[in-house]
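The structure appears right after this line, and notes come after that.
Derivation of every value follows stated rules applied to the coordinates shown; laboratory data play no part. All figures in this text were calculated on a predicted structure; none of them were measured in a lab. For neighbour counting, all protein chains shown are included, and Cβ atoms are generated from backbone atoms with ideal geometry for every residue, glycine included.
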Amino acid sequence: MADAQPVTEEELRRLSEFLYRRTGMIFTETKRYYVQRRITDRMEATGATSFASYFARLRSDAAGEVEQFINAFTVNETYFYREDHQLRCLTQDLLAERVERRPRDRAIRIWSVPCSTGEEPYSIALWLLENWAQVDAYDIEIVGSDIDTRALKAASEGVFGKRALMRLSPELIGRYFEELGDEQWRILDDIRGSVRFTAANLVETAETRPHGQFDVIFCRNVLIYFDDASRRVAAENLYENLAPGGFICLGHTESMSRISPLFEVRRFDDAIVYQRPRAAHG
Ligand SMILES: C[S@@+](CC[C@H](N)C(=O)[O-])C[C@H]1O[C@@H](n2cnc3c(N)ncnc32)[C@H](O)[C@@H]1O
């Protein structure tokens, strides 16, 4: 039976440090209850009888505990058509600029990172089908990535509850989802097959680099969990994964200007986005 004793200051500090080094996420004293609940869950799941035995297991990564630990601490809040003004900007401005003078046989690449349980990359796919007249003229590759392997599994299964769909009209739901009953809907296989899901850690260069260069990256609502040092690492990794002239959309409370001088700010009617300069600085 797990030890339900509250974690001490020192234990909290060690756990937070461990999580920070692996994910960039910062949990301070104000998140004590959040941390406590999750650590108790992990101790119960692993049968650890004390914090010390759990922490030893975590540090040795016994039975893949690091992955389970990270999965337990991520905040996966997301829903379809979140901040859809950025999706409008994508079809009205960003893609128009990206396809200028582009040969038809060069694919458009869009990365949703972090994608959590898939609502964001699937929203991009639906939005393009519904709102971009040139959708059939190009190969469009949409990649969804996250550090949380449990969220990625849910994303690739493509089953959603009412809350995830709350911003979609009944017409859109009828067109792109199959109703399963019990207030669950499965996204149609064609849409499911149009998004590729892969694991990526935004603060690990080696894990982001192989994804290659994208025309547009959606990196929304994760930098808020990082400190400035991890934000800078993430910004550099994102920069490397953007084609010159490519764009990044952040969450509405996030800004690149304070984090990194690598990007130019572009103000469009529907959104402020960040662009990798076409030519290198200097
Ligand atoms: C609040 S969700 C955002 C989902 C989506 N972008 C949106 O805005 O609706 C935050 C996600 O960030 C992921 N995350 C946290 N740290 C990460 C890291 N270092 N690399 C990649 N993903 C990370 C979490 O697993 C979680 O799914």
Exposure proxy ranking, count of Cβ atoms within 10 Å, fewest first, for THR30, THR149, THR74: THR30, THR149, THR74
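Rank these for me by crowding, SER260, SER60, going from fewest to most other beta carbons within 10 Å.
Ranked by crowding around the Cβ, least crowded first: SER60, SER260.
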Ranked list, fewest to most other Cβ atoms within 10 Å of each Cβ, for LYS31, LYS153, LYS162: LYS162, LYS153, LYS31
Distance between the range 249-272 and the range 215-237 - C-alpha centres, whole angstrom: 11 Å
Acute angle (nearest 10 degrees) that the helix 119-131 long axis makes with the longest principal axis of the chain, alpha-carbon atoms: 10 degrees
Cleavage-rule hits, chymotrypsin sites (Phe, Trp or Tyr not before Pro), the range 178-227, DSSP coil, Cβ neighbours within 10 Å at most 15: none
Environment charge of TYR79, counting only residues whose C-beta is closer than 11 Å and scoring Lys/Arg +1, Asp/Glu -1: -1
Equivalent ellipsoid dimensions for the range 195-263 as semi-axes, Å, which come from the Cα gyration tensor, largest first: 17, 14, 12
In degrees, nearest ten, helix 9-23 long axis to first principal axis of the chain (Cα): 30 degrees
Antiparallel DSSP beta bridges within the chain, as percent of all bridges there, nearest 5: 45 percent
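Tell me the net charge near GLU207. Cut-off is 15 Å between Cβ atoms, GLU207 excluded, with +1 for each Lys or Arg and -1 for each Asp or Glu.
-3
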Crossing angle, helix 228-240 versus the chain [Cα axis fit, 0-90 degrees, rounded to tens]: 40 degrees
Furthest towards positive pole of dipole, HIS211, GLY47, ILE187, structure part the chain, Cβ charges: HIS211
Cα centroid separation - the range 74-99 against the range 8-45, whole Å: 32 Å
Equivalent ellipsoid, the chain (semi-axes from 5 times Cα gyration tensor eigenvalues, Å): 35, 24, 15
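So how strong a dipole does the range 159-203 carry about its Cα centre when Lys and Arg Cβ are +1 and Asp and Glu Cβ are -1, to the nearest 20 debye?
Taking the Cα centre of the range 159-203 as origin, the dipole is about 240 debye.
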The chain, dipole about Cα centre (Lys/Arg Cβ +1, Asp/Glu Cβ -1), debye to the nearest 20: 580 debye
Leading residue at positive end of dipole, the chain (Cβ point charges), from GLN92, GLY24, THR117: GLY24
